[in-house]
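J.: Got a structure for you, questions after.
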Amino acid sequence: MMPYQLTPTAARDLDAIDEYIARDSVPAAGRMLQRFREAFRKLVEQPGIGHFREDLTDEPFCFWSVGAYLIIYRPDTDPLEILRVLHGSRDIASLLEEP
């Protein structure tokens, strides 16, 4: 069993990121996805390394940066639940309010 679980929305986020980066470079897209997988494993090992962002949500979600992207996850779940993977320039607060 995977030590982390992507929500369907997080899986769509990763697909969109992969497609976007692959327009310019398929190898770069692969490297970015590998960085995300490494970050997910690191978060499983040390879920406390993330930080809460009360300016973005009242939910107990943690945030961890990977390059220009934010991994948004629930630190107290087993397996670790990855909620979203979003570019930091997006309107994170609004996207987290979406159902």
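J.: Between residue 51 and residue 93, 0.36 nm times their residue separation minus their Cα-Cα distance comes to what?
T.: Computed gain between residue 51 and residue 93 is 13.6 nm.
J.: Taking trypsin sites (Lys or Arg not before Pro) that fall in a DSSP loop and have at most 13 other Cβ atoms within 10 Å as cut points, what is the longest piece of the chain between them?
T.: 24-89
J.: Further question: Using all Cα-Cα distances in the chain, what percent lands in each 10 angstrom bin from 0 up to the longest?
T.: All Cα pairs considered, the percentages come to 16, 51, 29, 4.
J.: Extension gain residue 26-residue 68, at 0.36 nm per residue separation less the Cα-Cα distance, in nm?
T.: Length gained between residue 26 and residue 68: 13.3 nm.
J.: In percent, how large is the relative contact order of the chain, given Cα pairs closer than 8 Å and 6 or more residues apart?
T.: In percent, rounded to a whole number, it is 31.
Where a number appears in this text, it was derived from the coordinates with a stated rule and is not lab data. Note that the structure is predicted; figures quoted are calculated from it, not measured. In this analysis, Cβ positions are derived from the backbone assuming ideal geometry, glycine residues included, and neighbour counts consider all displayed protein chains.
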